[in-house]
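Reviewing the structure listed below.
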Amino acid sequence: MRDGDALDNNPHVSISALEAIHGQVYGWALSRCDFNRAAAEDLMQQAYVEVLSGNARFNNKSSLKTFVFGVVENLARSRFRRVTSRLRLLREHAGSLDGAVVEAVLPDEGHSIWPAVKALPPRQRDIIELVFCRELTIEEASGVMGVSIGAGRVHYDRAKKALRVRLRETGVNEE
């Protein structure tokens, strides 16, 4: 850590370290917001406020990257719980919502593997994205997802097997 680079309210976090992982964290925030850029930027801003203020305290029990990914994940879950509650209330009081379903988009949609990844169950999709796109280890990805390392390994193994089957069925070459 450079002199004066540590945050006042989170002394184990440096500004330069946050800058170094910003692009990857933004990619994770995008995926948590169905690739809505405005929502991802809001989520990132909220995550940085939590880290800068010390409300989310880094204690060196994991890597900084895993910690910040976890902050983004928790904020996204909290945000979408509120949205889900509001939608439920709207449905109860205003009938059904026509056209409320929005297609989720994954990175590099043009690549032939993403439709298969998109079809995976949520936890399997998350671990594949964290490991392959965000370059976390299975252990770090498990921490971000809030599951045990064993559960993370199971999700990872099942996701790879499911992808292998789907890719074979669609004729995409495995590399």
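Please treat every number below as a calculation from the coordinates, not as lab data. On a predicted model such as this, the values are computed, not experimentally measured, just so you know.
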(request) Using only Cα atoms, locate the centre of region 123-172 and the centre of region 1-68, then give the distance between them in Å, rounded to an integer. (result) 23
(message) Can you return the lysines within cross-link range of Lys160? Criterion is Cα-Cα under 28 Å, with same-chain partners fewer than 8 residues away left out.
(response) Lys65, Lys118
(request) Quote to one decimal, in nm, the extra length available between Ile15 and Val165 on full extension: 0.36 nm per residue of separation minus the C-alpha distance between them. (result) 49.7 nm
(message) Under the 0.36 nm per residue contour assumption, what length would be gained going from the current alpha-carbon distance of Ala119 and Asp34 to full extension?
(response) 29.2 nm
